[in-house]
Every structure is written in C-alpha cells, then in structure tokens.
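Here's the structure, in structure tokens; my notes come after.
The values are calculated or read from the model by the stated rules, or taken from the named source; none is laboratory data. Because the structure is predicted, anything quoted here is derived from the model rather than measured. With ideal geometry, Cβ positions are generated from the backbone for all residues, glycine too; neighbour counts draw on all protein chains shown. Accessible surface is based on the protein model in full, side chains and every heavy atom, while ligands, DNA and RNA are left aside. Shrake-Rupley method; radii C 1.70, N 1.55, O 1.52, S 1.80 Å.
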Amino acid sequence: MSSVLLDATTAPVRADGASEDMSFDAIVIGAGIAGLYQLYRLRQLGLSVRVFETGSGVGGTWYWNRYPGARFDSESYTYGYSFSDELLRDWNWSEHFAAQPETLRYLNHVADRFDLRRDIQFNSRVSSAAFDEATRRWNVTLDDGQRYAARFLITAIGPLSAYTLPRIPGADSFRGQAFHTYKWPQQPVDFAGKRVAVIGTGATGVQVIQTIAPLVGQLTVFQRTPNWCTPLHNRKITEEEQQKIKAGYPAMFELLRQTPGCYIHDADPRSVFDVTEEEREAFWEKLYSEPGFGIWMANFRDVLTDAKANALFSDFVARKIRQRVKDPKVAEMLIPKCHGFGTRRVPQETGYYEAYNLPHVRLVDTRRTPIERITETGITTSDAAYDFDIIIYATGFDAVTGAFDRIEFRGVQGQRLKDHWADGPKTYLGLMSTGFPNMLTIVGPHNASTRCNIPRCIEQNVEWVTELMRSIRDRGVTRFEAISEAEADWSRHVEELAAGMLYTQVDSWATGINSNVEGRNVRRILQYQGGAPSYRARCDDVAANGYKGMTLS
Ligand code: NA7
C-alpha cells in the first residue's frame, strides 16, 4: 500500500564533529504531548535527556493523523498544556474543537518556545530496550542499530499509535492509492472525481467520511459495527469568547481537576428514573443540541451503568438517526444493535448522518456481505465487486499495549514485558511494572489517562514522574522497582473498578479487542475507571508515603 516513508535515519553527530556521548540520565521514547512535556520537566531538574521519535517532527498523534477531518473532541482550550501562563496567554485557538493542522502548529510552537528540539532525535525508532542489572541502566537500540544507555527509561509512546490493517487477502495487490488514517501522507490527497472506499466507522472513520463525502466522485463505506455518533457542534471562537477563555483559565483548570475525565462535563447526579418522561426527553434534547462530550459525560448518572437507563437513551439517539437519514434501510444499518450508547467511544460528528443522504454515498454492511478480498482494482465482498481509486483504512489500533509490544522491552533476567503482560497488563499505578526497574510508562495501561482528556492526565503523569526523579536524584538512588504485591494489588483494584461497567461487556479497543491482531480476541481491562481525581490522589499518596509499594536502592 502507499504510505508515508520515513526520512533516512540521521546519525547522532555533534555539530563540532566530536563523537557523541551515548549515555543519558533519562531516555524518553516519543515526542508527542507526553514526551515533550516530560523532556521540559526533566531538563528543569538538570537531567541529561534524549528523546527518540520515529517521526520527522514533534506531535505524536497530531503528527501522524493527518487524515481529512481529524480534529479534537475535547474543547481546544481544555486540551492545551496548562503548565505555562505565558503559553496560555499567547496561544489563541481558532475553533472550539480545533482541527489537526492547528494542533500540530501548536505543538511545534511549544517545542520552539521551550527550545525542546535540541534534545530530540527524530527519525529514530526504538526497537529494543534491555535493563542491565550490573550497571543499573537501560540499553536502548534503534532500528538502525545505534545504541544508547540511560539510567531511566520513560515511555511516552501513546495509547493509540500501533495502527492495524485488516487481514484481508490481496491487500498488497491493489494498484490504486491506499492509506491507513494514521499513516496519512504529508502531501494533500486529491479526491475530486475519485471512487473512494472507507473501511471502518469508529471515531476516525466518521471524521473522514463526513469530510470527504462532498469532495469525492463516489464513496463506499464498509461498516462492520455501527457506532452511536452525536453532534460535535463545532464553531469558531469569537474575539469576546477568546477573552473570556483567557480570563477563565485558572477556574477552568480547577474544574477540570474535579471531573472524572478532566472534561468540562460532569455526570448529572440524577438517575434516568428520577424524572418524568417529558423532563427526560427535554434534557436529552438539550444535550443533543450542545457541543462536545456533554451528551456522554454529563448525562444522567446511570446511563453508562444501568442497562435499562442505557437502553432508553440509546433509543433516543436511534430516533435522531432515523430523523436524519432519509433512507429507512440505511438508517437501520447505522443504528447499533449490539451495544448501548457510550459503551464504546462515542464518535462526534458534523453532518455524518447526512452524508448518507448524498446520491453518490453508499453503505455496505460487512457482517451481512463480508469483504472477501482486495483485488488490483478494488474490493470484493460475498455479493459484489467494487472498483476504487483510493482505499482508506480507518481500521484503528492495537490499543494501549500494542505500542509496547512493538518494542522488545527486556527487564530483570531478560524477561520480556510482552510475556509479563501476556494475560493482560500488570502494573503499579499504571506507571511501572515489577521486573522492569527504572522504567516508567506515561499513559500506560491501568493509568487514568486513556479515559481522560488526555493532556490533563499526561501532565499529572509527567509531574508525578518528575517528582520521583527529583527524590531519586536527591537521595542518590540508582534503582527503583514496583514490589510484586503492590503490582498485584493495583492490578486487582483496576479490575474491581471496571467490574459491572457496561463497557466491559462490549468488544472495542477500550477492552483490548482487535480482530486484525493475533490473540486480541479476549477482553482485557486496560483502563483505570476510578476517575482522574481518585487516580491522582492514589499517586500522591504513594509519593507522600516514601514511594510505598516500590523498592528504592
Ligand atoms: P476504532 O474505534 O477502533 O475503529 C476501527 C473501525 O475499523 C471500526 O469500525 C472497526 O469495526 C473497523 N474495522 C477494523 N478492522 C476491520 C476489518 N478487518 N473489517 C472491517 N472493519 C474493520 O479506531 P478509530 O481510529 O476510529 O478510533 C480510535 C480512537 O482514536 C478513537 O476512539 C478516538 O479516541 C481517537 P468493529 O467496530 O471492530 O467491528
């Protein structure tokens, strides 16, 4: 398939031509939102840091996901970093939910403003990292064989960065253009008059479909599972709003510290069954007309936990879909039948359902007529052959643990992290794992961050890690490790928090299911469900009690 090729790897040669010192206090993997901030903080501590980044620029998620329509689902001003008043003062978001190019510009602005690039080595994919007990260091190897060492290893590799392609026979034979949304080319793709296929209708597929539908000659959407999509209601930020946002930052960030997902939306304390049918409908109409995730996060408290409450709200959204899609058969295809609202990530849409009213857009249900193969000219299902110029794979990720599996992490006595996590992740605080000393996993599994307005939880992760590093430096510690009982207790706690939640009964990336990856057919608990405030309190308690649950030597 056509894909973005990485630039040739640049060897680390100093400007003066002297041989490079290959060892650092800390190595950070990834220069996305987490890696950038971790670098900034560790540098303030005076540590020597090297960040390795696969891409040729900063931004992580926002560097790679250049597909048409990629944009925030969080309000822009709640998403940016909060650590610098000057940054908050100077940066103006142009829309309530900014698009990818603006976010990438923002992250480049951050990298420039804080002079971060000089410690980032781009075009550098880490292939393995092994802990050496004798030196108490991590030996890190890049794809091209370059080797580096560091006392501490910090992963900032993102929960949705290991993209996956369907295992459909013939995919390599397709002679048109083909892209996974995550590996979208840097050059613009010309859609005019083209026959385009989109496989996948998750949050990404929805953004692509609604954006390219008016641009293409013909669009065919291959849907395996419909999702409950609700309106984003994005718009430009006015000058008056800009001033209000700036003046309101301190209060807003304080609010974000209190809500479970660090969004401006918080659950309504009422039950669905506390109110009359009329009141309920009026409340849901209001939520449907408001921007962002309020409809998911600020709904009645039992919509995501009580099957009957959930069914009532799902029915409300189904009625909306029927009103918006003209062809009743297509509308029924777009209404999820096997999972309730909010039990999978809710795609936020802008004219998504109306796209199916366009005469040149058609929907194929791949459960009824499965894709059998990809040919030189298109896609063959069990009942038809379709010709395409472009195939877009919006087929998602091997979520949360997938990026870890793609690097060979070896801990004490050569143990592989992949093996340690074979039956599901085992972590302490979602930040470390027993047998992998001196290693920290920002936005790792069992961490609150993948259920979070992610930069808010990233800042918490990074600040906690930085305080650990400060303490370690001050005490002359050279090795830390999670105690096995602490890891077992935390992992049990994470499982208990998720028990009974409706989302655990549904296949999705959040439960670790991916039909395109061998063995990813058993649901796992990947996320901390206790909410960011509780997570933060637990992390703070560990730190305040001399890093209980860890050995420091
Ligand atoms: P998702 O939400 O995992 O969606 C992937 C989509 O691709 C989903 O509709 C899948 O159907 C579909 N898919 C995957 N493999 C196949 C095959 N083999 N055949 C047909 N359809 C397939 O990923 P996204 O990128 O949309 O979103 C990821 C997150 O990024 C999102 O939640 C935001 O937080 C940002 P399925 O549902 O598995 O039947």
Å² of accessible area per residue within the range 199-393, as computed with a 1.4 Å probe and no ligands counted: 45
Which of the lysines could a cross-linker span from Lys308 if the Cα-Cα distance has to be under 27 Å and same-chain partners fewer than 8 positions apart are dropped? Lys286, Lys320, Lys329, Lys337
Using a simple spin-label model with points 7 Å from Cα along the Cα→Cβ vector, what separation in nm is obtained for Arg175 and Ser484? 6.0
What is the local net charge at Asp398, summed over the other residues whose Cβ is closer than 9 Å to its Cβ (Lys, Arg +1; Asp, Glu -1)? +1
Around Ala197: net Lys/Arg minus Asp/Glu count, Cβ-Cβ under 11 Å: +1
Take the alpha carbon gyration tensor of the range 199-393, find the square roots of its eigenvalues, order them as a ≥ b ≥ c, and report rounded if a/c is under 1.5; if not, report prolate when a/b exceeds b/c, else oblate. prolate
For the chain, take the longest principal axis of its alpha carbons; what is the angle in degrees between that and the long axis of helix 100-113, to the nearest 10 within 0 to 90? 20
All lysines inside 17 Å of Lys236 as judged from Cα atoms, apart from same-chain residues fewer than 8 positions distant: Lys244, Lys246
Once the Cα atoms of helix 484-498 and of the chain are each reduced to a long axis, what angle between those two axes, in degrees from 0 to 90 to the nearest 10, is obtained? 20
Most packed first (mean Cβ within 10 Å per residue), the peptides 428-440, 56-68 order as 428-440, 56-68
Would you list which lysines come within 22 Å of Lys418, measuring only between C-alpha atoms, while excluding same-chain residues fewer than 8 positions from it? Lys426
Gained length - Phe83 relative to Glu133, 0.36 nm times residue gap less alpha-carbon distance: 14.4 nm
Glu281-Arg147 FRET efficiency (beta carbon distance; Förster radius 45 Å; 0.05 resolution): 0.10
Excluding the sites themselves, what is the longest stretch of the chain that contains no GluC sites (Glu not before Pro) in a DSSP loop with at most 16 other C-beta atoms within 10 Å? 134-375
Collect residues whose amide H, placed 1.01 Å from N in the peptide plane, falls under 5 Å from the amide H of Phe409; neighbours closer than 5 in sequence don't count. Ala129, Leu417, Lys418
Would you mind giving the three semi-axes, in whole Å and largest first, of the ellipsoid equivalent to the chain according to its Cα gyration tensor? 38, 28, 24
Computed [θ] at 222 nm, deg cm²/dmol, the chain (DSSP H ≥ 4; -39,500 (n - 2.57); rounded to nearest 500): -9500 deg cm²/dmol
Quick one: grab the alpha carbon gyration tensor of the range 304-431, order the square roots of its eigenvalues as a ≥ b ≥ c, and give me rounded if a/c is under 1.5, else prolate or oblate depending on whether a/b is larger than b/c. oblate
Alpha-carbon centroid distance for the pair the range 188-241 / the range 486-539, whole angstrom: 29
Student exercise, the chain dipole from Lys, Arg, Asp, Glu Cβ charges, in Debye to nearest 20: 580
If a/c stays under 1.5 just call it rounded; otherwise compare a/b with b/c (prolate if a/b is bigger, oblate if not). Do that for the range 97-191, with a ≥ b ≥ c from the square roots of the Cα gyration tensor eigenvalues. oblate
Other residues with Cβ under 12 Å from the Cβ of Arg536 give, with Lys and Arg +1 and Asp and Glu -1, a net charge of -1
Which loop trypsin sites (Lys or Arg not before Pro) in the range 278-356, with loop taken from DSSP, have no more than 10 other Cβ atoms within 10 angstrom of their Cβ? Lys337
Tilt, helix 454-475 to longest principal axis of the chain (alpha-carbon atoms), in degrees rounded to tens, equals 10
Using a Förster distance of 41 angstrom, determine the FRET efficiency expected from the C-beta separation of Leu215 and Asn545, and round it to 0.05. 0.10
